[in-house]
Amino acid sequence: MNHPTIACQLAALDAGQRARRQELWEKLRPLIREAREIAGGYAFRLDTAPTTLVEIAEFISLERACCPFFNFQLEIVEENGPTWWRVTGREGVKEFLTQIMGSLGAGT
């Protein structure tokens with residue numbers, strides 16, 4: 001199966017959506033407490049407030065429009081445990097994420 005090139009297509013979002021995506025990322029980025037390399041991508045442990053889950057969901061809804069090659073998973077652990085946000089994908093996605101991690105400021 002031939003897959004499209006792994007590259008963000010920000011033109012899939014209008015100007016308002018791009019601005020909102022950036023605003024959400026600026027809120028979420030400081031909440032990343034740990035980044036772990038996993039098969040096919042990365043897992044991020046987040047500090048979570050009640051609004052954080054809604055903001056993550058909104059960010060994912062925008063991100064998947066411009067980066068349809070990502071798989072997203074959220075794990076919310078019982079008893080006020082950590083929230084893990086996993087971003088993975090097909091072959092090449094992990095390398096793509098590795099390249100952009102510095103520009104995302106996601107390294108901890």
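The values are calculated or read from the model by the stated rules, or taken from the named source; none is laboratory data. Everything numeric in this text was worked out from a predicted model, so none of it was measured. Note that we place each Cβ from the backbone using ideal geometry, even for glycine, and neighbour counts take in every protein chain shown. For the accessible areas, the whole protein counts, side chains as well, though only heavy atoms, and no ligand, DNA or RNA atoms are used. Shrake-Rupley method; radii C 1.70, N 1.55, O 1.52, S 1.80 Å.
Kindly establish whether LEU46 is at pLDDT 90 or above, open to solvent by less than 30 Å² (accessible area, probe 1.4 Å) and either more than 21 Å from ALA7 (Cβ to Cβ) or of a type outside the set (A, V, I, L, M, F, W, C) (or both).
yes
Let me confirm something: among THR52, THR88, THR48, which residue is touching a Pro at 6+ places or on another chain (Cβ under 9 Å), under 25 Å from GLN17 (Cα atoms) and not hydrophobic (A, V, I, L, M, F, W, C)?
Among THR52, THR88, THR48, only THR48 is touching a Pro at 6+ places or on another chain (Cβ under 9 Å), under 25 Å from GLN17 (Cα atoms) and not hydrophobic (A, V, I, L, M, F, W, C).
How many residues does segment 54-76 contain that are in contact with a Ser or Thr (Cβ under 7 Å, 6 or more places away or on another chain) and more than 21 Å from MET101 (Cβ to Cβ)?
Residues meeting the conditions: 1.
Criterion first (surrounded by 12 or more Cβ atoms within 10 Å (Cβ to Cβ), of a type in the set (Asp, Glu) and part of a helix (DSSP H, G or I)) does GLU63 satisfy it?
In short, yes.
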